[in-house]
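Asks: Supplied in structure tokens, the structure appears directly below.
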Amino acid sequence: MSDQPVARLADAAGAVAGNGILDRRLLLRQGLVFGAMAWLPPGAAAGQAGSPRVPGSSRPPWMREPGREFSPYGVPARFEQETARFPAPNRVQRNNGASWTPLHLLEGTITPNGLHFERHHNGVPDIDPGGHELLIHGLVNRALAFSVPDLLRYPLESRTCFIECGGNSNAGWNRIPSRSQAGFFHGLVSNSEWTGVPLGVLLHEAGVKPGAKWVVAEGADAFAMHVSIPLAKLQDDALLALYQNGERLRPENGYPMRLVLPGWEGVVNVKWMRRLELTDQPVMARNETARYTDLMPDGTARMFSFVMEVKSLITSPSSGMVLKGGPGLYQVTGLAWSGRGRIRRVEISADNGRTWADAELQEPVLPKAFARFRIPWRWSGAPAVLKSRATDETGNVQPERRELIAQRGRHGFYHYNGIVNWSVDENGVLGHVYDEVAAQQTGTPDIDADWD
Ligand SMILES: Nc1nc2c(c(=O)[nH]1)N[C@H]1C(S)=C(S)[C@@H](COP(=O)(O)O)O[C@H]1N2
Ligand SMILES: [Mo]
């Protein structure tokens with residue numbers, strides 16, 4: 001490493017937690033040299049270690065002939081093929097399953113549409129919007145049907161929020177730490193700007209009858225997926241989304257229309273929406289009884305646990321990566337989100353939770369949406385354990401895995417939001433570890449990686 005002078009500067013600026021965690025404000029100053037990616041402080045003399053090579057007389061091939069022509073719809077660079085979803089169909093029925101967002105390969109906070117995670121119970125329907133309508137009926141003054149052109153006449157609104165499957169990260173319940181990369185362990189969550197008609201507007205138009213408390217939402221897929229949703233949520237901040245990050249919804253994510261219920265578990269964000277029936281009680285569908293309930297330590301099952309609790313994940317460096325530059329400065333970055341509102345704080349530890357320091361949160365920090373955090377870290381070359389811990393604006397703090405297990409027992413399957421530990425060995429290789437090997441004593445069988 002050629003960053004000795006800079007490393008001394010950082011030392012002088014002061015570590016703020018054990019094992020090399022540095023003040024987040026150093027990110028805002030210029031002059032830090034991170035790992036292998038060197039950039040020069042302004043005004044630094046050329047020829048210094050780490051300075052960019054001055055382009056010479058030999059031009060690369062792409063400068064010697066005109067580039068290719070325009071294209072109607074862009075695709076990623078051919079060198080980025082590995083930035084892809086990780087699909088895992090069900091062993092029994094191939095159209096049932098999920099594909100994970102490669103969170104560890106992405107930056108910023110918005111998930112590109114082609115990489116939004118997928119969870120289908122019976123495949124992606126090929127819906128012709130010309131032959132599709134949404135029906136609102138049941139306890140309403142007048143039943144209404146809306147085609148796509150009907151809906152597009154309403155004033156549209158946008159909300160940036162995450163959608164997270166209740167089964168996301170459920171390998172965290174296993175006795176043996178998952179070896180998957182961060183996104184393929186925690187990537188049943190994605191974050192988009194959704195645009196559509198606020199549900200409250202459509203319900204108002206239909207006229208809600210007294211006594212209506214629930215709405216049964218049904219999709220137009222071959223599973224006819226349906227769930228019960230409290231009416232109040234639909235009147236609060238729910239959208240009937242038609243657009244995703246500026247373009248019409250992708251078929252995988254609900255084309256031509258889907259429910260978006262900010263902060264609530266994936267399953268109630270019904271895709272390919274065809275029917276909303278207002279009722280006085282829940283319908284007790286498969287996906288709110290046999291699935292998406294939480295077996296508690298006392299043997300009872302928690303139902304209708306809609307809100308996705310506060311959570312965070314270091315996306316880089318993370319499991320499977322290598323600190324290629326050897327000992328020196330690195331940027332620790334990741335995502336935090338909460339179904340209860342804004343992320344207030346993300347703390348980072350490099351010494352397995354003994355000491356913590358606040359990471360920088362990238363503005364704007366939106367409610368019920370991904371927040372990006374960053375902090376500089378000087379890796380000494382010795383083994384380390386990196387953790388991130390998020391707190392939301394309601395004061396809820398992401399629990400350690402052992403705290404989550406103490407609360408919820410060992411029969412959990414959904415709603416895993418425990419703190420994640422990435423280990424770093426003396427070769428700079430990142431892995432996943434649990435704090436306590438003791439959790440192995442219970443004799444509970446491992447959960448197979450699964451989605452419902
Ligand atoms: N109609 C329908 N809606 C559905 C599903 C489905 O299989 N059919 N899966 C649900 C589940 S379990 C999740 S986690 C989310 C996933 O949304 P996505 O595929 O856009 O990521 O959609 C929900 N809505
Ligand atoms: Mo889900």
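The values are calculated or read from the model by the stated rules, or taken from the named source; none is laboratory data. What you see is a predicted model; the values in this text were computed from it and never measured. Neighbour counts are summed over all protein chains in view; Cβ atoms, including those assigned to glycine, are modelled from backbone coordinates with ideal geometry. To get the accessible areas, we keep the full protein, side chains included, count just its heavy atoms, and leave off ligands, DNA and RNA. Shrake-Rupley method; radii C 1.70, N 1.55, O 1.52, S 1.80 Å.
Asks: Based on Cβ point charges of +1 for Lys and Arg and -1 for Asp and Glu, what charge dipole magnitude is obtained for region 235-384 about its Cα centre, in debye rounded to the nearest 20?
Replies: In total the dipole reaches around 420 debye.
Asks: Next question, about the same structure. Order 397-405, 244-252 from most to least packed using the mean count of other Cβ atoms within 10 Å.
Replies: Values: 397-405: 18.4, 244-252: 16.6.
Ranking, from highest mean packing down: 397-405, 244-252.
Asks: For labels at ARG78 and ASP128 in the simple 7 Å Cα→Cβ model, what's the distance in nm?
Replies: Placing both labels 7 Å beyond Cα along the Cβ direction yields 3.7 nm.
Asks: Would you grab the residues whose amide H sits under 5 Å from the one on GLU164? Only those 5+ places off in sequence or on another chain, please, with H modelled 1.01 Å from N.
Replies: GLY266
Asks: Something else now. With every protein chain kept in place and ligands, DNA and RNA left out, what is the accessible area per residue of the chain? Probe 1.4 Å, answer in Å². Present the calculation step by step, with values, prior to reporting the outcome.
Replies: Details: 21060 Å² over 452 residues.
Result: 47 Å² per residue.
Asks: Next up: Output wanted: per-residue J couplings in Hz (rounded whole) for region 120-129, from phi through Karplus 6.51 cos²θ - 1.76 cosθ + 1.60, θ = phi - 60°, x for Gly and Pro.
Replies: 10, 8, 7, x, 9, x, 9, 7, 7, x
Asks: Near the amide H of ARG275, under 5 Å away, which other amide H atoms are found, from residues 5 or more places off or on another chain, if H is placed in the peptide plane?
Replies: For ARG275, whose amide H was placed from the backbone, the distant partners under 5 Å are LEU135, GLU218.
Asks: Round to the nearest 0.05 the FRET efficiency obtained for GLN235 and GLN362 when R0 = 30 Å and r is the Cβ-Cβ distance. Provide the component values of the computation, followed by the final result.
Replies: Values: r = 32 Å, r/R0 = 1.06.
So, using R0 = 30 Å, E works out to roughly 0.40.
Asks: Let me ask another. Could you give each residue of region 196-208 its phi-based ³J(HN,Hα) in whole Hz, using Karplus coefficients 6.51, -1.76, 1.60 with θ = phi - 60°, and x for Gly or Pro?
Replies: x, 9, x, 4, x, 5, 5, 5, 4, 5, 6, x, 7
Asks: Taking a probe of 1.4 angstrom, what is the accessible area of HIS415 in Å², to the nearest 10?
Replies: Around 20 Å² of this residue is reachable by solvent.
Asks: Per DSSP H run of at least 4 residues, take -39500 (n - 2.57); add these up for the chain, divide by its residues and hand me the 222 nm value, nearest 500 deg cm²/dmol. Don't skip to the answer; put the middle values down first.
Replies: Working: 7 runs with 46 residues, N = 452.
One gets -2500 deg cm²/dmol as the mean residue ellipticity at 222 nm.
Asks: Report the relative contact order of the chain, percent, no decimals, based on alpha-carbon pairs under 8 angstrom and at least 6 residues apart. Write down the numbers at each step before the final one.
Replies: Details: 1047 pairs, mean separation 83.4, N = 452.
With pairs under 8 Å counted, the relative contact order is 18 percent.
Asks: Does region 311-442 come out rounded, prolate or oblate by the C-alpha gyration tensor, with a ≥ b ≥ c the root eigenvalues, rounded set by a/c under 1.5 and, if not, prolate when a/b is larger than b/c and oblate if not? All intermediate terms of the calculation are to be shown ahead of the outcome.
Replies: Details: a/c = 2.18, a/b = 1.13, b/c = 1.93.
Note, shape of region 311-442 comes out oblate.
Asks: Pairs of lysines 8 or more apart, or on different chains, with alpha carbons under 17 Å: count those in the chain, would you? Display every interim value, and only then the final one.
Replies: On the way: LYS209/LYS233; LYS213/LYS233; LYS233/LYS271; LYS233/LYS368; LYS311/LYS368; LYS311/LYS387.
Within the chain, the lysine pair count is 6.
Asks: Starting from the 7 Å offset along Cα-to-Cβ, what nm value, one decimal, do you get for the label separation of GLN281 and ARG25?
Replies: Between GLN281 and ARG25, the simple spin-label model gives 6.0 nm.
Asks: When only the heavy atoms of the protein chains count and the probe is 1.4 Å, how do ARG24, ARG410 rank by accessible area, highest first? Write out the running numbers ahead of the final one.
Replies: Numbers: ARG24 85, ARG410 30 Å².
Ranked list, largest accessible area first: ARG24, ARG410.
Asks: Pop the C-beta distance of LYS213 and ARG179 into the FRET formula with R0 = 41 Å and round what comes out to the nearest 0.05.
Replies: Values: r = 45 Å, r/R0 = 1.10.
Computed FRET efficiency for LYS213 and ARG179: 0.35.
Asks: Ranked highest first by average number of other Cβ atoms within 10 Å, how do 177-185, 139-147 line up?
Replies: The most tightly packed comes first, giving 177-185, 139-147.
Asks: Still on this structure: Calculate, axis by axis, the spread of Cα positions in the chain along the three principal axes, and write the results as whole Å, longest axis first.
Replies: 75, 64, 40
Asks: Given a 1.4 Å probe and every protein chain left where it sits, what share in percent of the accessible area of the chain is carbon and sulfur?
Replies: So the carbon and sulfur contribution to the accessible surface is 52 percent.
Asks: Provide the per-residue ³J(HN,Hα) series for region 168-183, in order, calculated from phi with Karplus coefficients 6.51, -1.76, 1.60 and θ = phi - 60°, each as a whole number of Hz, with x at glycine and proline positions.
Replies: 4, 6, 5, 5, x, 6, 5, 6, 10, x, 4, 9, 5, 5, 3, x
Asks: A further question on this structure: List the residues whose amide H sits under 5 Å from the amide H of ASN122, counting only those 5 or more places along or on another chain, with H placed 1.01 Å from N in the peptide plane.
Replies: Result for ASN122 returns PHE223.
Asks: A further question on this structure: Which whole-number percent gives the relative contact order of region 311-442, counting Cα pairs below 8 Å spaced six or more residues apart? Let's see the in-between values first.
Replies: Details: 293 pairs, mean separation 40.3, N = 132.
With pairs under 8 Å counted, the relative contact order is 31 percent.
Asks: ARG142 to MET63: extension gain in nm, 0.36 nm per residue of separation minus the Cα-Cα distance?
Replies: On the way: separation 79, 0.36 × 79 = 28.44 nm, distance 6.49 nm.
Full-extension gain reported as 22.0 nm.
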